[in-house]
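The structure under discussion appears below in the form of structure tokens.
Every number here is computed from the coordinates shown, using simple stated rules; none is lab data. All values reported here derive from a predicted model rather than from experimental measurement. Neighbour counts run over all protein chains shown; Cβ positions are idealised from the backbone, glycine included.
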Amino acid sequence: MGIPKVEPERYEALLAKKAARLEEAFAVHAPPALEIHDSPRQHYRMRSEFRTWHQGDALDYVMFEPGDKYSHHALTSCPMVHRPIEELMFPLLEVIRADRELRFRLFQVDFLSTLSGGMLVTLLYHRQLGDAWQAKAKALAERFGVHIMGRARKQRLVLSQDYVVETLTVHGQRYHSKQIEGSFTQPNAIICQKMLEWAVDATRGIGGDLVELYCGNGNFTIPLASNFRRVIATEISKTSARAAIAGTELNQITNVDVVRISAEDFSKVLRGELTTRRMKGIELSDYDFRAVLVDPPRAGLDADTVGQVQLYDHILYVSCNPTTLLDNLKQLGESHEILRFALFDQFPYTDHIETGVLLRRR
């Protein structure tokens, strides 16, 4: 795993370069002024994966040179990760190093942390895990006050729980979300809070109902529900859909329906081209969809989904890949104009840019 060099003294200049690149790329669409949301300079990453390297009696976390799986460097600090992860990761490895059962054929350690204090650690092995490992891992979990899981080929051992509950504050309101091991969650919680505040502000006053594609664990769904009469949120991942449903229950939200279906199939349902039992109990004719929210994977929206999204007066598009967003805007820009334009610095010290646009029908 390559780790970006954390250089707080260069942060402002690097962010300015990202903003300039984004403004230049989107100039053809004549967007409004770019809203720039900066990240904490250090300790910003809430989930991390670290490869381990065994050499004699040594056991270290390592990072590799880009494109070279053999040239590695042992880590002695990691200021990019959430401070509780950095404070835990090295003492945890010291204990593992001294215990053959915990150490033997361990190749990776994953951390999932929260602003609200929860921590889940997953230990990954090139061997099957038995009762002896479980006993040692339970003792390790108790010693450090964390949840621990074990993974090996065709094996997933949950000792206590396989999730953490995050609590984010959006305009003074606290929202809870269930983050399940192995599923996607926003890696930079402070930026995530800024994204949610921006999305709530951008959609305030639209009214009617909202349809959301790629809802994940309900990260946007839950705080946005208060801006709309009803929400239908769709997600193809079974794990993420379960987490989204759990989020509505944790927050006592009753105006959201979560449907486990792909964006492509849901677009067909909306067009009357497909019927599915997954829509049972949901009468689409009862909805007054005035806005759509999309937060797609890096590949962006397929052509059919872009066509479906164009049917709504307001489009909130959050993108982890400006290139595919620009590609989608070739079609969306024919019918809609950009009202809000934002950069969220999800991954400082990298070239990655997270972008948000609010579009309104011309």
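Annotations
- Here each label is just a point 7 Å from Cα along the line to Cβ, and for R278 and K17 those points are 4.2 nm apart.
- Pair R229, T323: separation of 7 Å Cα→Cβ label points (nm): 4.2
- Adding -39500 (n - 2.57) for every DSSP H run of four residues or longer, then dividing by how many residues the chain holds, sets the calculated 222 nm ellipticity at -9000 deg cm²/dmol.
- Mean Cβ neighbour count within 10 Å, used as a protection proxy, ranking 98-106, 43-51 highest first: 43-51, 98-106
- Taking region 77-148 and dividing mean pair separation by its residue count, relative contact order in percent (alpha carbons under 8 Å, at least six apart): 27
- Residue separation of A303 and H352 scaled by 0.36 nm, minus their Cα-Cα distance, works out to 15.2 nm of gained length.
- Seen from H171, the other residues with C-beta closer than 15 Å to its C-beta sum to a net charge of +1, counting Lys and Arg as +1 and Asp and Glu as -1.
- Over all distinct Cα-Cα pairs of region 47-164, the Kirkwood formula returns a hydrodynamic radius of 14.7 Å.
- Placing +1 on each Lys and Arg Cβ and -1 on each Asp and Glu Cβ, with no other charges, gives the chain a dipole about its Cα centre of roughly 880 debye.
- Estimated FRET transfer efficiency when R0 is 22 angstrom, pair L159-K238 (beta carbons, to 0.05): 0.50
- Positive-pole candidate from H314, L326, L120, dipole of the chain, charges at beta carbon: L120
- Positive minus negative residues near H37 (Lys, Arg vs Asp, Glu; Cβ under 10 Å): -4
- Taking 0.36 nm per residue of separation and subtracting the Cα-Cα distance, full extension of the segment from E65 to A139 would add 23.1 nm.
- Listed residue (G145, W133, P91) projecting farthest to the positive dipole end of region 60-162, Cβ model: W133
- Ordering L301, H336, V269 by the projection of their Cα atoms onto the charge dipole of region 256-362, which places +1 on the Cβ of Lys and Arg and -1 on the Cβ of Asp and Glu, puts V269 at the extreme positive end.
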